[in-house]
Amino acid sequence: MDLLLHTCCAPCSLFSWQAFQEKGYNVYGYFFNPNIHPYKEFSKRMETLRAWAAQEGHKVFIDERYLLEDYLQQVAAVACAAEKRCPICYRIRLEETARQARAKGLKNISTTLLISPYQKHELLRKMGAEIAQAHGVQFVYADLRPGFRESMNQAREKNLYRQGYCGCIYSEKERYHPESRKLAKQKKR
């Protein structure tokens with residue numbers, strides 16, 4: 001069984017890739033992330049993934065298009081609200097993954113976003129299934145969160161670049177801007 005795994009970065013791929021292989025999937029990675037800002041961050045994640053995949057002998061399709069403007073146009077109206085912004089971002093990346101899977105004759109898709117304890121799993125599961133069905137493929141859900149720390153530790157041991165935010169300009173601000181961090185914590189309460 002082939003599976004196209006939407007891949008946000010090398011650290012999240014370590015455990016995710018292995019978990020899907022253990023479930024019997026022949027995994028292919030797909031890097032498509034128009035949300036990542038700035039371009040240096042996008043390049044760093046892309047090149048780290050490319051190098052890791054080559055070292056491990058993994059097949060990864062790299063989409064080098066930097067479609068930041070497209071992403072920003074879609075999220076600009078709701079940028080301040082992660083609960084509205086993140087679903088748009090998920091949809092952009094999962095839609096393109098499903099299109100690519102179909103074009104490559106692969107029957108299953110999933111995403112490394114499923115390893116993150118910071119992502120909305122029920123939304124990813126529902127949206128992934130809906131998008132996959134529309135494109136004639138299957139979305140494979142797996143709760144990979146138990147492997148998050150292990151994956152980050154492996155990345156550290158392998159000296160892979162590890163980023164401190166999900167990738168978008170808004171999450172970067174929420175992560176590093178003191179006032180934004182404070183507001184985000186208050187909203188969670």
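The number of residues in region 31-71 that are closer than 17 Å to GLU96 by Cα, out of contact with any strand residue (DSSP E or B) (no Cβ under 9 Å at 6 or more places or on another chain) and not in a helix (DSSP H, G or I) comes to 6.
Answer with yes or no whether ALA142 is assigned to a loop (DSSP other than H, G, I, E, B) and either touching a helix residue (DSSP H, G or I) at 6+ places or on another chain (Cβ under 7 Å) or of a type outside the set (S, T, N, Q) (or both). Considered against the rule, which asks whether it is assigned to a loop (DSSP other than H, G, I, E, B) and either touching a helix residue (DSSP H, G or I) at 6+ places or on another chain (Cβ under 7 Å) or of a type outside the set (S, T, N, Q) (or both), ALA142 comes out as yes.
Within region 24-65, the residues that satisfy the criterion of being aromatic (Phe, Trp, Tyr) and under 15 Å from the mean Cα position of the chain (by Cα) are TYR28, TYR30, PHE31, PHE32, PHE42, PHE61. Pairing each residue of region 144-157 that is surrounded by fewer than 16 Cβ atoms within 10 Å (Cβ to Cβ) with any residue that is not β-branched (Val, Ile, Thr) and not in a helix (DSSP H, G or I), provided the two are 6+ apart or on different chains, yields C-beta distances under 8 Å for ARG145/SER116; ARG145/PRO117; ARG156/ARG162.
Looking at this structure, is LYS104 touching a residue at least 24 places away in the same chain (Cβ under 8 Å) and over 14 Å from the mean Cα position of the chain (by Cα)? Yes; evaluated as a whole, the condition is true for this residue. LEU94 fulfils the conditions (1) over 23 Å from GLN154 (Cα atoms); (2) surrounded by 21 or more Cβ atoms within 10 Å (Cβ to Cβ); (3) free of Cβ contacts under 8 Å to residues at least 60 places away in the same chain; (4) of a type outside the set (Ser, Thr, Tyr) except for a single criterion, (3). Of all residue pairs spaced 6 or more apart or on separate chains, those with beta-carbon atoms under 8 Å, a first member in region 50-75 that is over 30 Å from LYS158 (Cα atoms) and in contact (Cβ under 8 Å) with a residue 40 or more places away in the chain and a second member that is charged (D, E, K, R) and in a helix (DSSP H, G or I) are VAL75/ARG85.
Bear in mind that the values in this text are calculations on the coordinates, not laboratory data. The structure presented is a predicted model; accordingly, all values stated were derived computationally and were not measured. Neighbour counts are summed over all protein chains in view; Cβ atoms, including those assigned to glycine, are modelled from backbone coordinates with ideal geometry.
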